[in-house]
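See below for the structure under consideration.
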Amino acid sequence: MKNILLSIISGLLLAISWPTYGFPLFLFFGFVPLLIAEHNIRKNKYSKTQVFGLAYLTFFVWNMIATWWIYNSTAIGMAVAEIVNSLLMALVFLLYHIVAKRTSFLISTLFLASFWMSFEYFHLQWQVSWPWLNLGNGFAGYTSWIQWYEYTGTFGGALWVWIVNIGVFKSTLLFLEHKDKTILYRSAIRNGLIILLPIIVSIIILKTYKEDGEDIEVLILQPNIDPYTEKYNTTDDRISTLITSLTTSEITENTDFIIAPETVFADSNRLHNFPKSIAKKTAQNILKEHPNTYFLSGISLIDVFNDSSRIRLQTNIYKENIFYDDYNSAFFVRPDNSSELYHKSKLVVGIENFPYQSVLKPLLGDVMIDLGGTVAKKTTQDDREVFFTKDSIGVGTMICYESVYGEFATGYVRNKADFLAIITNDAWWGNTQGHKQHLSYAKLRAIETRRSVARSANTGISAIIDQTGKIVDQLEYEKQGTLRGTLRTNDKITFYVKAGNYLARVAIFLSAFIFLFAVTKRRKKI
């Protein structure tokens, strides 16, 4: 019972640390009760099943409290997300238990930190990707603590969390063994400094950081269309009228960019007919009166064909000999009527992609987990498209879920994006922590890349975020309207943009080496 209580306490500590309702200080102690419970089991030679069960309980509590809001989209989707993610986290902890039985405290805890970071990296890459609870995201609400993410990305935050947790865990074990309070005093000072020094460094960076670049005026549109009752039952003609009305009421002669949300035009648009679409014509009509302005928006596109040689893994079958590729796209229109498209490439599991289709489709057929949105598999593109103005100002456009991926976002910057735009539709989750957490993660991308962010959300929260991750202005949830403001461009490249998730790659090497060492090491004879 004691170990079960410790397990639950760990889950609660991790949960109450999470943005946007929590305080990230608890992250530094969140794993300690679970580590103590595992140590108790290992010391008393109980089974691996008990370790796995306790770990699963911890991570299930954390996942449920932090991401229960998926339920507003679908109960089944929430259940799968919570169960599977908790399972993966528990497996990480089980492997730590196996290694800890065969190695020293230092080696085993180094393995735990490295293997957890390896798991988070893996969660960013594979087809069932759900990195929402990666530890470095937990500081998104306190960006003054993590300005050094421009050097480390979010994996720097994960490493920080594990260093402190392991330090507190070691001190706790020593205190329980020796009953000497000076151990606790020294631990408090040492671990307090480990927490405090990065925060001091961050504050110094924040206070001395200067935004160099060109000021541009953006007009962000928030149409506030209910995706369950209106969005896919509304014609593009009506959307055009609304977009035009929102724009003309606020646009000025100084407006450089008009930005509208993800799939705001969703009326069965054909890819080949995009140049003649209502969406593009809407942009052209607006830009006629504003020849120095550029239009960026989301659109759903379908490419129907009967040439079987064009079939890809992401191609959908409509009926015999008729196939289609379904795109969640951004389009960019210039005053000279030229235009470009970018197709969303990081997809929501189950709703926009069918993970490991060659293995799962024979078992499941076309069953897909409905996490909110459409149900067709989406088609992606390989490169990170950047849209450029005639003055060579580049905007990198992330569509919804893509903004959760730090290294992914660096691709736009390497392709010369001077600022980032995020177009999204977070209304599937209702007025919960879901859309608030998604907004907070956008601040991390601003810090990592030192790029200002213009965020257009269908129902909100739309926002302008500066290069330090500060929200300069925002338009609240479920409010129809526009947000006009100024952001600054930047053409400098951060270390993180150059190096990417290098900490995670080092962690993968370390965890693999330690695991092989542990499993091949001969046990000492008792």
Candidates ALA75, ALA79 - the one that is over 21 Å from ASN431 (Cβ atoms) and either open to solvent by 10 Å² or more (accessible area, probe 1.4 Å) or touching a His at 6+ places or on another chain (Cβ under 8 Å) (or both): ALA79
Take SER403 and tell me if it is outside any strand (DSSP E or B) and at pLDDT 95 or above. yes
Among the residues of region 160-179, which ones are closer than 20 Å to ASN40 by Cα, touching a helix residue (DSSP H, G or I) at 6+ places or on another chain (Cβ under 8 Å) and either aliphatic (A, V, I, L, M) or surrounded by fewer than 13 Cβ atoms within 10 Å (Cβ to Cβ) (or both)? ILE166, VAL168, LEU173, LEU174
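Take the residues of region 473-526 that are of a type in the set (A, V, I, L, M, F, W, C) and over 30 Å from LEU159 (Cβ atoms): which is surrounded by the most Cβ atoms within 10 Å (Cβ to Cβ)? It would help to see each step written out before you state the result.
Within region 473-526, the subset of a type in the set (A, V, I, L, M, F, W, C) is 475, 483, 487, 493, 495, 497, 499, 503-504, 506-510, 512-519, 526.
Filter once more, keeping what is over 30 Å from LEU159 (Cβ atoms): 475, 483, 487, 526.
Values: LEU475: 21, LEU483: 24, LEU487: 28, ILE526: 3.
Taking the candidates together, the pick is LEU487.
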Output the residues belonging to region 64-76 that are assigned to a helix (DSSP H, G or I) and either touching a Phe, Trp or Tyr at 6+ places or on another chain (Cβ under 9 Å) or under 25 Å from SER108 (Cα atoms) (or both). ILE65, ALA66, THR67, TRP69, ILE70, TYR71, ASN72
Test GLU217 against the criterion of being open to solvent by 20 Å² or more (accessible area, probe 1.4 Å) and part of a strand (DSSP E or B), and give yes or no. yes
In region 439-480, anything β-branched (Val, Ile, Thr) and not in a strand (DSSP E or B) is listed as ILE447, THR449, THR459, ILE461, THR468
Within region 325-338, residues assigned to a strand (DSSP E or B) and either open to solvent by 50 Å² or more (accessible area, probe 1.4 Å) or closer than 18 Å to PRO261 by Cβ (or both) come out as TYR327, ASN328, SER329, ALA330, PHE331, PHE332, VAL333
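Conditions (1) under 30 Å from THR20 (Cα atoms); (2) open to solvent by less than 10 Å² (accessible area, probe 1.4 Å), marked per residue:
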| residue | (1), (2) |
| --- | --- |
| TYR46 | no, no |
| LEU54 | yes, no |
| THR67 | yes, yes |
| LEU88 | yes, no |
Single match in PHE119, PHE111, PHE115, PHE105 (criterion: more than 13 Å from ILE447 (Cα to Cα), more than 14 Å from the chain's Cα centre (by Cα) and free of Cβ contacts under 8 Å to residues at least 40 places away in the same chain): PHE119
Taking the criterion of being surrounded by 12 or more Cβ atoms within 10 Å (Cβ to Cβ), closer than 30 Å to LEU25 by Cβ, of a type in the set (Ser, Thr, Tyr) and more than 31 Å from the chain's Cα centre (by Cα), would at least one residue in region 232-241 satisfy it? no
Out of region 188-229, which residues are in contact with a helix residue (DSSP H, G or I) (Cβ under 9 Å, 6 or more places away or on another chain) and under 30 Å from SER73 (Cβ atoms)? LEU219, LEU221, GLN222, PRO223, ASN224, ILE225, ASP226, PRO227, TYR228
Residues within region 296-315 that are open to solvent by 10 Å² or more (accessible area, probe 1.4 Å) and either assigned to a strand (DSSP E or B) or in contact with a Leu (Cβ under 6 Å, 6 or more places away or on another chain) (or both), tallied: 5
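The values are calculated or read from the model by the stated rules, or taken from the named source; none is laboratory data. Computed from a predicted structure; not experimentally measured. Quick reminder, even Gly has a Cβ in these numbers, built from the backbone with ideal geometry, and neighbours come from all protein chains shown. Accessible surface areas use protein heavy atoms only, side chains included; no ligands, DNA or RNA. Shrake-Rupley method; radii C 1.70, N 1.55, O 1.52, S 1.80 Å.
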